Structure formats: C-alpha cells, structure tokens
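S.K.: Please read through the structure below; I'll follow up with questions.
Only the coordinates and a few stated rules stand behind these numbers; no lab work does. Here the structure is a predicted model, which means the values were calculated and not measured. Heads up, the Cβs are rebuilt from the backbone with ideal geometry, glycines too, and the neighbour counts pull from every protein chain shown.
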Amino acid sequence: MEDVQVHERVVNILIKQIFNRQFKPGDKLPSERQLAKDMGVDRVSLRIGLKHLEMMNVLSIRQGDGIYVRDFLKGASIDFLRILFLQLENTDEKLLIDPYIIDELWEFWIAFYPEILKMSAKRYTPRDFKTAMEILDEQLANLHDKTHLIELELKSQELVADIAHNIIVILLSNTCRPLRKKMTEIVLCSMKDEDIKNHINMVQQMMRTFMTSTTEGSNTIIEQYRNVLRSYHHTLRKTLFKEAENSAKNQI
C-alpha cells in the first residue's frame, strides 16, 4: 500500500509541474537518480509512477536516451485533468489553474449535461422524482452554506447520470467529478442567494415537466436550461478573464 501511495505522489508531482509548464512538451526530465532525490522517493516507486505517466501519454520513456515530456493536449485523456483537480480537492495547496481551462470546461458542460438530461427525462420514475425534489428542497434550505450546496449540486448531477442508465455516461460522470466540483464551486460562489434560489426553482420546474410532459415538452425546457447555462458561462468568462487581466497587471 505504501508503494502505491509513493508512486501516486510521483504522478501527482509531475502532473502539476507539466500542467503549470515547469516542464514543457519536448523537455527532457532530469535523471531518475535526480528525480528520486528531488521528490524524496525510492527508485522503484519513481519508475512505477513514470510508467503510469507514459501509459497516460504524458511522458515518453526512451531507453538509453531519457524521459521526455509529451504534449498532454495532443495525447492525454481526461484522466490527466481528473488527477490534477483531485489534488486541488484533497489538499489546501492552490494550483495555477489557467482560466482558459475553466472556460473550456464550461463549454463542454453546456454541450454534455443537457443531453444527459434528455436521456434521463425518458426514464424518470416517481421514485426518481421524489429523490430529485428532496435534493433540491435541501438546497433551498441551505442557501447560505455554499460548501453544502456544492455537494448537493454534485449529488443532483450524479442522480441524473444514474437515471440515464448508460454505463459510459456514469463512468464519465465519475471521472469528471473533481472537474465538476471546481466548476460548480466557481459558479455558486459568484451567485447571490436569490439567484441560486431562482435557479433551484427552475430546476424543480424542469423535474416536474419530466413527470408530466411529452418528450418534446421535456426537450424544450432542457434547451431553455442550456441557455441558462450559457448565461452563467458568459458571466463566468467575464469574471475569469478580469481576474487574469488583474493578475497580469500585478506581475508587471
């Protein structure tokens, strides 16, 4: 178990360094001996971690030559971001998250989540409706507790994925959880309580439509919800890039 923890630490350290461009595509990493010394790990655990990153298409290990950084944007999977954001979720350490990444995550979510809602709307049962409304009612009762609200929102999203009864959707939802948490945190923390309340009321109405309307009616309200997500994205984009601009000015 200790070996697993150590090699995961190797993976975590290098993913952060590669994401933050301390190591750029094409860069040759220091020798195994130096890396092990810098990270305070044994050579066996280091090699396991390096091999894991090679399998993720983040590193290229060339026998007799060295270890080179690959362009994660061209070869890595979403697991790369999952590990990165999971570190952010599990530690107090702050990562230098590029605002463009958050922006693109939201573009993905606007395209992805409403389609999952459409799949789920066809399968909603009275029991599912009851569970969904209980989560939403709990959200309304905890408007001032952003931490609890975030967890409830994630729970609501995961219920939708489960109801879809599609293994790819469920596994992708699980993989994306740290990313979803970060996106949800940014949006909810930027909204006033009254705006959050209005959003929850709108979702409640959408759930009622799933139980009482036709597929066409459900799809119509889901597309309206997609437009609401787009409006949040617009607000978020202004906030993100204003912060990035201010940060750049402070560094001058």
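S.K.: Quote the charge dipole size of the chain about the Cα centre in Debye, to the nearest 20; the model charges only the Cβ of Lys and Arg (+1) and of Asp and Glu (-1).
M.R.: It works out to roughly 560 debye.
S.K.: Per-residue HN-Hα couplings for region 72-77, Karplus 6.51 cos²θ - 1.76 cosθ + 1.60 at θ = phi - 60°, whole Hz, x for Gly and Pro?
M.R.: Residue by residue, region 72-77 yields 5, 5, 9, x, 6, 9 Hz.
S.K.: While we're here: For the residues Glu223, Glu151, what sequence is obtained by ranking on other C-beta atoms within 10 Å, fewest first?
M.R.: Working: Glu223 12, Glu151 15.
Ranking Glu223, Glu151 by Cβ neighbours within 10 Å, fewest first, gives Glu223, Glu151.
S.K.: So what is the diffusion coefficient of the chain in µm² per second by Stokes-Einstein at 37 °C and 0.692 mPa s, using a Kirkwood Rh over Cα pairs? Don't skip to the answer; put the middle values down first.
M.R.: Values: Rh = 20.5 Å.
Rounded to a whole number, D works out at 160 µm²/s.
S.K.: Over every pair of different alpha-carbon atoms in region 2-78, take the mean of 1/r and invert it; report that Kirkwood radius in Å.
M.R.: 12.3 Å
S.K.: Using only DSSP helix segments of four residues or longer, with each worth -39500 (n - 2.57), what per-residue ellipticity at 222 nm results for the chain after dividing by its residue count and rounding to 500?
M.R.: About -25500 deg cm²/dmol.
S.K.: When Rg is the radius of gyration of the Cα atoms in region 129-208 and Rh is its Kirkwood radius, what does Rg/Rh come to?
M.R.: 0.97
S.K.: Explain nothing, just compute: Karplus ³J(HN,Hα) = 6.51 cos²θ - 1.76 cosθ + 1.60, θ = phi - 60°, for every residue of region 107-121 in order, whole Hz, x for Gly and Pro.
M.R.: Karplus-based 3J(HN,Hα) across region 107-121 equals 4, 4, 5, 5, 6, 7, 5, x, 5, 5, 4, 5, 5, 6, 4 Hz.
S.K.: For a distance above 28 Å, tell me the whole-number percent of Cα pairs in region 84-229 that qualify.
M.R.: Taking all Cα-Cα pairs of region 84-229, the fraction more than 28 Å apart is 17 percent.
S.K.: How much net charge surrounds Asp65 when only other residues with a Cβ under 15 Å from its Cβ are counted (Lys, Arg +1; Asp, Glu -1)?
M.R.: That works out to 0.
S.K.: Just need the relative contact order of the chain here, percent rounded to a whole number, with Cα pairs under 8 Å and 6+ apart.
M.R.: Answer for the chain is 19 percent.
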